[in-house]
Structures are given as structure tokens and as C-alpha cells.
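The values are calculated or read from the model by the stated rules, or taken from the named source; none is laboratory data. Keep in mind it's a predicted model, so treat the numbers as computed, not measured. Reconstructed Cβ throughout: ideal geometry from the backbone, glycine too, with neighbour counts over all protein chains shown. Each accessible area value is taken on the protein alone, full model and side chains, heavy atoms only, with ligands, DNA and RNA left out. Shrake-Rupley method; radii C 1.70, N 1.55, O 1.52, S 1.80 Å.
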Amino acid sequence: MKLPQAVLRQCSRHLRSQSNWPLQPRLQFAKSIIPASHPSSSPPSTPWRPSRTYATTTTTTVSAADLEFGQPVYETHPHILQPGELTPGITAQEYHERRSKLAFALPENGIAILASSELKYRSGAVFFPFRQDSNFLYLTGFSEPDSLAIIQKTGPKPGDYVFHLFCRPKDPRAEQWSGPWSGLQAAEDVFNADFTGDIAKVETLLPPILRGAGKVYTDITPSTPVTGQLVTTLLSHLHLPPAPLAGLVHSLRAIKSPAEISNMRHAGRVSGRALTSAMRRSWSSEKDLEAYLNYAFTSHGLSGPAYVPVIAGGSRGNMIHYVHNNRLLNQDDMVLVDAGGEYGTYITDITRTWPVNGKFSGPQRDLYEAVLTVQRKMVSLCRENATLSLDQIHRATEAGLREQLSLLGFDLSSGGGKMDVLFPHHVGHYVGLDVHDTPGYSRSLTLRQGHAVTIEPGVYVPQDDDRFPEHFRGLAVRIEDSVVVDVDSPLILTTEAVKEVVDIEALRE
């Protein structure tokens, strides 16, 4: 692993005006130094913005701010990133610490290998916006396809590791068609790789690394694009049967850092305000409501929707993941909206249910209040000193809903799977870089400080099931918040989305 100064190329660039680092070009890169007019002993009265410069084939240099990279960097996108950040809200130092924690968890001479995502196509030549594999992104901050990251343990102490990043070299002709990518030089200097190389040459670059491995951890399979066949064949040839890597990474991802929580709180704040704003208005169609929310997320600083939203009017709310969102809204119905925005690739997950006309009918209010009573109680249990798991909170949710529905006249005593019909899903899941974060990370584990979860009880009364009271048939209510577990209280990330009956109705007054 590089010395701390190398790590600080990114995380403490804003401190460089206080340093006396010499100019040390690497490859064609010339790191920026303090201008003569700003000596370290006399800080400037206004902040000095450090900027990387690149040497050209002549004696001139070009500021990094005048170049194009495969993703935002501070010099080109100061409106998105702060000094030291690789992705919004997350510094290069934090990415280094994540790799350090993973390496520390590996056995002696252990190696972790991660492949990037591939560009996915919608149809023909029409592609989706690229989304990096979450584990790859979590450990590198690098958001390009056709890449391979290797974290190689080199000693017993935290920080004893080497980071290899193989990716595409700069190619002006290809980038003219596909847009810019970062290249090998930026992989080293911006993303702090100790060693870089052309992904097209990984067949010769990888064997020397693997020959010293004691154990290899990877989720690469022969079907993994670009590198899958090569990596699996090479591991077989070297008699290195791989162990799964995802579980190790997910155990790190499951506990959120303060920076991650800040990103999720920002996403929750903006998303919650958008939902509350939507409740103030009258809507005639699901599609119009969806379009408004997507616009509200983006226009207030989020990168867009975190997932395909559910905008379900009336009995369509009984379909848990109804995403057609193309029907007209009946003014006498409720609308169930499951929608949230994304910031710095961190998401928020919110569901609110409200009357289309702004006023609850009697049955709508009764069923809504029943779900809300349980939801409030379950959110309050999201604290470390409650010593509960998500599975235990789920069982408490079932019991709470059963009690509340019985008070409303539902006959749930005879069994027959009635609760499975009325409440068919789990009360919550982990949330973070993905909507359903850290898949495979058990919901039976006791919640700890830093866990981020959703709490989303719901009741879905079938339209034509005579086992349930007639005046509730066809109604669907789900109320969901994203919550971070603290020691003695929950941090609700989505509190700006109102959910009390009196508050919802007051929005139209």
C-alpha cells in the first residue's frame, strides 16, 4: 500500500496550500503545487483551489479542469464534488479505509478480485446509463465498465495491502464515439491505485499477482463479462479454488459510516419534501404523479429516482410492485406511492398512502391509522439497545397488525392464512447503495448502530374476498420510512414526508 501521503493526494488536496510537497511527475502527470503568490506561511485570504495538471507531448501542461474523465472529479465538477471526494459525499480517504478493512479481514496472503459491471442494453443499440457494481463501487469509487480491481493483503496490520486497478487506457478515437473515460493515469492518481494496467492485457498482468496468493476471494464466474473466463481458468490452472467475496464486503457495507448516513439523509430529506409537495396537489393520473416526483427529485439536487416507483391508485395498491403507473386516478380512492431519490449512489426508500381528494373517508382513515400505529411502534424499536433483529421486528409487526385489525372487525381467529393475505411481505430490509442492500446479509442479526433499514408495514385487503369486512375491501395501505439504527434511538431519514392524518389533510386546506 502507498504511504499515507499518496492516499492524501485526493482526500487532503484542500490542505495542499499548507504543505511543501515538491513537484513529482509520475507518468505524464504533474501534481499541482503551491503558486509562488501563495506561500505556505501566508495562506491566501480566499481559498485556493488546487488543480491537477497534465504534461502534454510538448513542454506545456494542461489543467485537469480542462480535461474529460469517465466520471466527475473535483476539478471538472466542483458543483458536484468537494475537495477530496471521489464520489458525492465520500472521500478518497474513506475508500482507502474500506479497502483496508477488507484486506485486514482476509487471511495471510489473501487476495480479493472484483469485476466491474458491464454496459447493459435496453434494445438493439440503445443502452441504459451505466451503473457500477455496488461492491466494486464501494471499494474503489471507480465508475467505469471493463475494469478489474484487486486488493492484495501484504501484512498483518490495517493498511497492509496493495490496490491494483486494471481498466481501459485513454483512446481519443473511441472516446469520440462513446464519451470520455478516465484512463490509466487517472486510475493511479485520482483513484489511488498502487498499480494500474490495460484491461486488455490482464491475461499477462494477473498471473504474477496470483502466484503469491494464499487464498482468493471473488464472485467472478465464467459468465462474468470481459474477464470471467480468463480469471476462472487462471484460478483453476493455479489450483486456487476461490471463496465467495460478497459476504465479506456486505458485512462492511451493512454498517454505514457518517458520510454514508449523511448522503442517505440528504436523499431522504429531498425525497420526503417531494412527496409532501405531491400530497398538496390534486392528480388525475398515475403517470403525471410519477413525472412530478422524478422532476422534483432531480431539480432539488438528487441524481434522479432510486428505483422504478409504485404509483398505485385504488385497489392496484394491493399489487406490491405495481409499476405500470398508467391508469387514471379516482378521486374517491387512495393512492399508494413507493418512491425515493438517489444521491451519490445512495438511495432512500419511502412509501406513503393518501386520499386522492385530500380527505380520508371513514374506512380509509381507520385502516390507515391501524397501519400507522404499528409503523410508529416498529420504527421506535430500531435502536441498538432494543437488541432486536429485523426478523424479530417483523414478528412484532404481525402481532401488532393482527391486534389493530381485530379492533376494526377483521376475524383473524380461524387461521386459514388470512394474515398472509393481508400482510404478505417482510416488514423491512437493509438499504444503502442498493434499495435491497447487501443481499444475503441476514435479517436475523441483531440490529447495531449504523445499520440502515426500512420499516414498511402494510395491509392489502382484496377487492373480492368476503372473509374481510366489506367496507375495507379493495383498500391498500403501506407506510414506509428509511431508518438508521443508533444506540438508544432511531434516526428517521425520511421524516419530511408527512404521514399523520391531520398533517396530510391540512395540506389541502
Legend entry - Neighbour cut-off at most 12 other Cβ (10 Å), DSSP loop, trypsin sites (Lys or Arg not before Pro), the stretch 183-253: 211
Legend entry - Global geometry of the stretch 254-356, whether rounded, prolate or oblate, following the gyration tensor of its Cα atoms and the 1.5 cut on a/c: prolate
Inset, instruction - Give the cross-link partners of residue 120 among the lysines, using a straight C-alpha distance below 24 Å as the criterion and excluding same-chain residues fewer than 8 apart. - result: 170, 201
Inset, instruction - Can you check what the Kirkwood hydrodynamic radius comes to for the stretch 194-317, Cα pairs only, in Å to one decimal? - result: 19.2
Legend entry - Accessible surface, per residue, of the chain when the full set of protein chains is kept, probe 1.4 Å, Å²: 44
Inset, instruction - Return, ordered by residue number, the residues of the stretch 295-337 whose backbone nitrogen is under 14 Å from a label point located 7 Å along Cα→Cβ of residue 77. - result: 301-304
Legend entry - Placed amide H near residue 243: partners under 5 Å, 5+ positions off or other chain: 216, 217, 218
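How much of the accessible area of the chain, probe 1.4 Å, is carbon plus sulfur, in whole percent? Before the final figure, lay out the partial values.
Details: 12090 of 22570 Å².
Answer for the chain: carbon and sulfur cover 54 percent of the accessible area.
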Legend entry - With 10 Å bins from 0: P(r) over the stretch 142-244, alpha-carbon pairs, percent: 14, 44, 33, 9, 1
Inset, instruction - Could you tell me which of rounded, prolate or oblate describes the stretch 294-420, using a ≥ b ≥ c as the square roots of the eigenvalues of the alpha-carbon gyration tensor, with rounded for a/c under 1.5 and, failing that, prolate when a/b is larger than b/c and oblate otherwise? - result: oblate
Legend entry - Accessible heavy-atom area order of 95, 295, highest first, probe of 1.4 Å: 295, 95
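Loop only per DSSP, at most 11 neighbouring Cβ atoms within 10 Å: give me the GluC sites (Glu not before Pro) in the stretch 91-124, ordered by residue number. The partial results should precede the final answer.
Values: sites: 94, 97, 108, 118; in loops: 108, 118.
Here the GluC sites (Glu not before Pro) that fit, given the DSSP loop and packing criteria, are 108.
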Inset, instruction - Would you please state which residues of the stretch 372-408 a label at residue 446 would reach in this model, taking the label point 7 Å out along Cα→Cβ and a backbone N cut-off of under 12 Å? - result: 384-389
Inset, instruction - Pop a pseudo-label 7 angstrom from the Cα along the beta-carbon direction at both residue 387 and residue 160 and give the gap in nm to one decimal. - result: 3.6
Legend entry - aspartates and glutamates whose Cα lies under 19 Å from that of residue 157, excluding same-chain neighbours fewer than 8 positions away: 94, 97, 108, 194
Legend entry - Nearest 10 degrees, 0 to 90: helix 92-105 Cα axis against the chain principal axis: 90
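Report the rotationally averaged projected area of the chain based on its alpha-carbon convex hull, in square nanometres. Spell out each step's value before the answer.
Values: hull surface 114.9 nm².
For the chain, the mean projected area of the Cα convex hull comes to 28.7 nm².
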Legend entry - residue 406 paired with residue 229, simple spin-label distance in nm, labels 7 Å along Cα-to-beta-carbon: 6.3
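Starting from the exponent 0.38 and prefactor 2.2 Å, build the expected Rg for the stretch 116-189 from its residue count and divide its actual Cα Rg by it. Write out the running numbers ahead of the final one.
Numbers: Rg = 14.8 Å, N = 74, 2.2 N^0.38 = 11.3 Å.
The value comes to 1.31.
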Legend entry - Cα gyration tensor of the stretch 247-304 - equivalent ellipsoid semi-axes, whole Å, descending: 30, 12, 9
Inset, instruction - Distance check, please: which entries in 101/215; 256/418; 287/359; 101/377 exceed 27 angstrom between their Cα atoms? - result: 256/418; 101/377
Inset, instruction - Pop out the Kirkwood hydrodynamic radius of the stretch 360-509 from its pairwise C-alpha distances, inverse of mean 1/r, in Å to one decimal. - result: 16.2
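What does the C-alpha gyration tensor say about the overall shape of the stretch 322-382? Classify as rounded when a/c is under 1.5, otherwise prolate if a/b is larger than b/c, or oblate. Could the numbers behind the result be given before it?
Working: a/c = 3.07, a/b = 1.14, b/c = 2.68.
Note, shape of the stretch 322-382 comes out oblate.
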Inset, instruction - Run the 1.4 Å probe and let me know the accessible area of residue 471, rounded to the nearest 10 Å². - result: 110
Legend entry - Sorted largest first, extent of the stretch 63-144 alpha carbons per principal axis (Å): 44, 37, 20
